[in-house]
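Participant: The structure follows.
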Amino acid sequence: MKLSEVLAEIRTRVDEDSLTDSCSGEGCAVDMTDIPDERVIVLVEHEFEFRKMEGRRCDRLLFFISTPENILFIVPIELKSGKIRASRGIRQLLGGVKLADYLVPETNDFEIICRPVLFSGNVIHPQQYKRLNQWGGGAFRNLFFKVRTARCSEERSLADALFGKAAQPSQDWRDERSRLRDTLLDRISD
């Protein structure tokens, strides 16, 4: 199968009502800048229900082709507007990887990269971030991957998570904690 045919094939394997144009949702905006326009985005919750699949699942599943390199990217996306629990986020992303295995045609004709991304509306607590980094990783058809992180509503958030800088929460978390403490102290003193 040619790489150019893969996205069309994936579309035929997904229930029409599971397709969407955006990775945003769940109170989390995802900036799609620098992600190719030719892509498939799946509402994973709906597709799990349509297929009567059980288990944890992520929020979105993005497929696109990186044209210069001719690589199929598979991007399970978990959107969190509140508190992050690393182990739960990982399990949900692995559910997206499981669904991708059903949707992507079996072939060795092109390279595949799987890069799950955990989006957070809040700063990820250093302990949770450490757990994400300590997790050994997973595999899609024997292709190893680690979970990437990104912040909701940030410019180029998805492209940065996939190709460049990942969210580095530890200092941000301390700054946010200090701001919250100062705000609470101001309220108490009023």
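Rule-based calculations on the coordinates, nothing more; no lab input. Keep in mind that this is a model prediction, so the values were computed, not measured. Positions of Cβ are backbone-derived with ideal geometry, glycine not excepted, and every protein chain shown enters the neighbour counts.
Participant: When Lys and Arg each count +1 and Asp and Glu each count -1, what net charge do the other residues less than 11 Å away from GLU155, Cβ to Cβ, add up to?
Facilitator: With Lys, Arg at +1 and Asp, Glu at -1, the neighbours total -2.
Participant: Oh, and also: In a GNM of the chain with a 10 Å cut-off on Cα contacts, which of LEU99, LEU132, LEU143 has the highest mean-square fluctuation?
Facilitator: Among LEU99, LEU132, LEU143, the largest GNM mean-square fluctuation belongs to LEU143.
Participant: Right, something else. Taking amide H positions as placed in the peptide plane 1.01 Å from N, state which residues far from SER120 in sequence (5 or more) or on other chains have amide H under 5 Å from it.
Facilitator: Amide H to amide H, under 5 Å and 5 or more residues apart or across chains, SER120 pairs with LYS80, ALA150, ARG151, CYS152.
Participant: Right, another one. Express in nm, to one decimal, how much length is gained between LEU19 and ARG91 on full extension, taking 0.36 nm for each residue of separation and deducting their alpha carbon distance. Write out the running numbers ahead of the final one.
Facilitator: Details: separation 72, 0.36 × 72 = 25.92 nm, distance 2.24 nm.
Length gained, LEU19 through ARG91: 23.7 nm.
Participant: Listing MET32, MET1 from the residue with the fewest other Cβ atoms within 10 Å to the one with the most, what is the order?
Facilitator: Details: MET32 20, MET1 12.
Least crowded to most crowded, the residues run MET1, MET32.
Participant: So for SER66, SER157, fewest C-beta neighbours within 10 Å to most, what's the order?
Facilitator: Numbers: SER66 16, SER157 23.
By the 10 Å Cβ count, ascending, the order reads SER66, SER157.
Participant: Work out the length of the dipole vector of the chain about its Cα centre, built from +1 on the beta-carbon of each Lys and Arg and -1 on the beta-carbon of each Asp and Glu, and round it to the nearest 20 debye.
Facilitator: Working: 29 positive and 31 negative charges, 234 e Å.
So the dipole magnitude of the chain works out to roughly 1120 debye.
Participant: Run down the lysines and flag those whose C-alpha is under 29 Å from the C-alpha of LYS83, throwing out any fewer than 8 positions away in its chain.
Facilitator: Within the straight-line limit of under 29 Å, LYS83 reaches these lysines: LYS52, LYS98, LYS130, LYS146, LYS165.
Participant: Taking the chain as a Gaussian network, Cα atoms linked when under 10 Å apart, which of LEU103, LEU79, LEU118 shows the biggest mean-square fluctuation?
Facilitator: LEU103
Participant: For the pair ARG56/GLN134, report the inter-label distance in nm, with labels modelled 7 Å from Cα in the Cβ direction.
Facilitator: Distance between the two pseudo-spin positions: 1.6 nm.
Participant: Restricting to Cα pairs below 8 Å that are 6+ residues apart, what does the relative contact order work out to for the chain? Please round to a whole percent.
Facilitator: Over the chain, the number comes to 22 percent.
Participant: In nm, what is the difference between 0.36 nm times the number of residues separating ARG11 and ASN70 and their Cα-Cα distance?
Facilitator: 19.4 nm
Participant: Continuing with this model, one more query. Just the number, please: Stokes-Einstein D of the chain in µm²/s, Kirkwood Rh from C-alpha pairs, 25 °C, 0.890 mPa s. Intermediate values should be presented prior to the final figure.
Facilitator: Working: Rh = 17.4 Å.
In µm²/s, the coefficient is 141.
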